[in-house]
2 protein chains.
Amino acid sequence: MSLIVMKFGGSSVGTPERMQRVAKRILERQQEGNDIVVVVSAMGDTTDDLIDQSKGLNPNPPTREMDMLMTVGEQISIALLSMTIHQLGGKAMSFTGWQAGMKTDEVHGKAKITDIEPSRIFKALEAGNVAVVAGFQGMSEEGEITTLGRGGSDTTAVALAAAVKADVCEIYTDVDGVYSTDPRVVKNARKLNEISYDEMLELANLGAAVLHPRAVEYAKHYNVKLVVRSSFTQNEGTSVKEDAVMEQGVVVRGIAFDKNVARISIMGVEDVPGVLANVFGALAKNGIDVDIIVQSGVQDGKADFSFTVSGDDREKAIEVIEGVRSLVPYRETTSESSLVKVSIVGAGMVSNPGVAAQMFSAISSLGVSIKMVSTSEIKCSCVIAADQLNEVVRSLHTAYGLDTTEQVFVGGPSERR
Amino acid sequence: MSLIVMKFGGSSVGTPERMQRVAKRILERQQEGNDIVVVVSAMGDTTDDLIDQSKGLNPNPPTREMDMLMTVGEQISIALLSMTIHQLGGKAMSFTGWQAGMKTDEVHGKAKITDIEPSRIFKALEAGNVAVVAGFQGMSEEGEITTLGRGGSDTTAVALAAAVKADVCEIYTDVDGVYSTDPRVVKNARKLNEISYDEMLELANLGAAVLHPRAVEYAKHYNVKLVVRSSFTQNEGTSVKEDAVMEQGVVVRGIAFDKNVARISIMGVEDVPGVLANVFGALAKNGIDVDIIVQSGVQDGKADFSFTVSGDDREKAIEVIEGVRSLVPYRETTSESSLVKVSIVGAGMVSNPGVAAQMFSAISSLGVSIKMVSTSEIKCSCVIAADQLNEVVRSLHTAYGLDTTEQVFVGGPSERR
């Protein structure tokens, strides 16, 4: 008998028909002999409706009261899903975040889980119930209702799976799993059977929207096996786990991209101590996320460096840099928008030194110029012009053998079911 | 400085405009130098919408899950009202039932308050906040979310007023206060300035819908001064308190009626011990509320008795009685529907023996026959034919001096503001 956490997003329970399908699915899984804990998000448009109502009364409401309002969405979902399970002849008990023992700090709107005390969940399971838990919410030590911020329900599911020592945490979503790249760009994009936490983390951070990075970090930290799968089909999903199997000779798992990148360069910067700290400290203080940073060598005591930000932040970033000119004397700034970042991700890259070079040559052979490069142990990112993105992604997908049907991944346990 | 509990019903906060008006009203009361605790119900149609959603998924859902669902309505109200108060420059903190320390038994759907631990309310008040509390809900010792059933928000307000030792509990509603009778029947019906708990209890039980009987009982038990007033006007309301002042020589406070009454008579019942217990025990077991019971004297070892039930319960009641015929042998049953009950209520009646006689003669002088009578220390009820109701109420209203403008009640504290 296994203990399984099943997480359903808002679109999976957005209509009565979908709610019923989810309830059926849960009971099937239970009838296979498993104990089931369900984590569910707010239904379809509930959250947006609540936000609309609040904006009409206070465009800038206290975050404490927003949390009080927003947590209602999941509470509706858990009650209705439990009722639906009963209607189908099953037994279920719903639990709000605080009832499920989800303890958080008190940062309203983006609280962090500090502890989980799941005794009521176990009690419900022992009595033969499906335990249906509200995602996205918790309670602070002072008894304040909090929300976990973006990706919160994924995080609830993974954290709860760790706390109850679940055998697997299944994330049900509206796609079949994690793909080798975006199927809207590459027709031959293939669903992956397995992927490692680190690879998933890179893909999640790079814009593959199926799993929130925070949830993946949590899963890696507590070694929770994840399966991403569709709530609309019975297809096998993608297993995310430490020791994801990869075929011999294949080093790249997938190709991710970020479509809205701007480059900013600061030229002729006086090479005095604390220069980088001053520049990037000021950007961080202004809420601007910096991604790739490249510094070229120092010449005549002066350096050039470049970095990327989201295209939306370009103008603000330049203003911030002008604001610190007295601390960081420099000659001039230049910038460029309409750029994209393409990344290859694969745990095998660390032991295959030629992988990055293969990427550069594939891109060059298309006549596309690479503007910036950044590498880590398991990924290599290149910044290029936006209008050449699709062509480059398709070419890389082929170059790394990702669209050959021969390349079938070796299956893990999830394939034997 | 006073501590005031203000309770607003669902229709008072049903639109953004009304929500803003309520928030303004609360801040006005605070700016007069008072500490304010607000109790609020679910907005307008929220409750009905939630019920509709649930019925589509499970026509007969577990009461535990219904409580989980229904409590969402008040949680939305408290969050939005607090935001609105902030938008108007005030400070407010919202509290769910469990956060406000409302402890109940575990009878889902109609829980009873067992204790209140309002420490968080006091803390919020000390910091200058309006404390906004969700009505209708509480938490059991096991941490289950419960609802108080019908009239629940009134009860929350009164119980909270008792727990925090409020100077007054103001019930805001869509009428100006408690009237001497239904203004739709008697044009000259007048708003009462004061009324005693017992009188209010009789009026509330008899169908004056402004205050739930349970809340009045609570107020009487804990001696909480109530004021019923309109949320739409600044008019003085009606004070409900122990020592309500009444003018010299006036003994009847108001006239109430119940429009849907049926009489059932059981004739020729064998006078054996336990007869009444068997009949009324069986009716109670079948969920039939019995109101007036009249037994005539025993003759030849046989008795006749009559009782009233809601018109909707007539047929079922007769069935139940036939079901116990083996235990309670009787000759026959007769019944009559399309009846009404008219009652005069007044604390002065106990020391004025002629009051009931005056009622009988006023009704008789209209050529109306009285079918049943029931009296208590502070009321006298007569059952008559439904088609003569309005005429009788108007006549009684005049006979007891309730529609003369001269009869101005002596004012209490609420009138001096």
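The values are calculated or read from the model by the stated rules, or taken from the named source; none is laboratory data. In this text the structure is predicted, and so the values were computed from the model without any measurement. Backbone-built Cβ (ideal geometry, glycine too); neighbour counts: all protein chains shown. Side chains are part of the model used for accessible areas, which takes the heavy atoms of the whole protein and leaves out ligands, DNA and RNA. Shrake-Rupley method; radii C 1.70, N 1.55, O 1.52, S 1.80 Å.
Tabulated values for the structure
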{"read-out": "The range B:3-173: radius of gyration over Cα atoms, expressed as a fraction of 2.2 N^0.38 Å", "value": "0.98"}
{"read-out": "Per-pair calculated FRET efficiency, R0 = 51 Å: A:GLN31 and B:SER361 via Cβ, rounded to 0.05", "value": "0.10"}
{"read-out": "Convex hull volume per residue in cubic angstrom - Cα atoms of the protein assembly as shown", "value": "202"}
{"read-out": "Percent RCO, i.e. relative contact order, over chain B, from Cα pairs under 8 Å lying at least 6 residues apart", "value": "14"}
{"read-out": "Inter-chain shielding of B:14-25 (mean C-beta neighbours from other protein chains, 10 Å cut-off)", "value": "1"}
{"read-out": "Pairs from B:LYS220/B:LYS259; B:LYS112/B:LYS302; B:LYS24/B:LYS110; A:LYS110/B:LYS91; A:LYS187/A:LYS241 whose Cα-Cα separation, in the structure shown, is over 31 Å", "value": "B:LYS112/B:LYS302; B:LYS24/B:LYS110"}
{"read-out": "Estimated [θ] at 222 nm from DSSP helical runs (n ≥ 4, -39500 (n - 2.57)) normalised by residues in chain A, nearest 500", "value": "-10000 deg cm²/dmol"}
{"read-out": "Residue of A:ASN193, A:ASN34, A:ASN278 that the Gaussian network model of chain A assigns the largest fluctuation, springs spanning Cα pairs under 10 Å", "value": "A:ASN278"}
{"read-out": "Span from the the range B:227-281 Cα centroid across to the the range A:123-163 one, whole angstrom", "value": "49"}
{"read-out": "Gain on full stretching of the segment that runs from A:ASP45 to A:ASP115 - 0.36 nm per residue minus C-alpha separation", "value": "22.2 nm"}
{"read-out": "Surface share of carbon and sulfur [accessible, 1.4 angstrom probe, percent] for the protein assembly as shown", "value": "47"}
{"read-out": "Solvent-accessible area per residue, Å², over the range A:255-399 with all protein chains present [probe radius 1.4 Å]", "value": "48"}
{"read-out": "The range A:3-173: relative contact order in percent, alpha carbon pairs under 8 Å with at least 6 residues between", "value": "30"}
{"read-out": "In nm, spacing of pseudo-spin labels at B:VAL250 and A:SER376 (7 Å Cα→C-beta vector)", "value": "8.0"}
{"read-out": "Residues in the range B:84-109 occluded by at least 30 Å² - accessible area, probe radius 1.4 Å, against chain by itself", "value": "B:HIS86, B:GLN87, B:MET93, B:SER94, B:TRP98, B:GLN99"}
{"read-out": "Filtered GluC sites (Glu not before Pro), the range B:123-221: DSSP coil and at most 11 other beta carbons within 10 Å", "value": "B:GLU141, B:GLU142"}
{"read-out": "Using a 7 Å Cα-to-Cβ projection, B:GLY323 label spacings across copies, nm, ascending", "value": "7.7"}
{"read-out": "Total accessible area lost when B and A pair, probe 1.4 Å, Å² to nearest 100", "value": "3400"}
{"read-out": "GNM flexibility winner over chain B from B:VAL158, B:VAL39, B:VAL383 (Cα, springs under 10 Å)", "value": "B:VAL383"}
{"read-out": "Net charge of Cβ neighbours under 12 Å - reference A:VAL350; Lys, Arg +1; Asp, Glu -1", "value": "-2"}
{"read-out": "Debye log10 I(q)/I(0) for chain A, one point scatterer per Cα, at q = 0.06, 0.08, 0.14 Å⁻¹", "value": "-0.29, -0.52, -1.26"}
{"read-out": "Averaged over B:310-322, number of beta-carbon atoms from partner chains that fall within 10 Å", "value": "0"}
{"read-out": "Debye, to nearest 20: dipole size of the range A:78-234, +1 on Lys, Arg Cβ, -1 on Asp, Glu Cβ", "value": "460"}
{"read-out": "Euclidean distance of C-alpha centroids, the range B:106-121 and the range B:296-330, integer Å", "value": "40"}
{"read-out": "R0 of 25 Å, Cβ-Cβ distance B:ASN286-A:GLN87: FRET efficiency to nearest 0.05", "value": "0.40"}
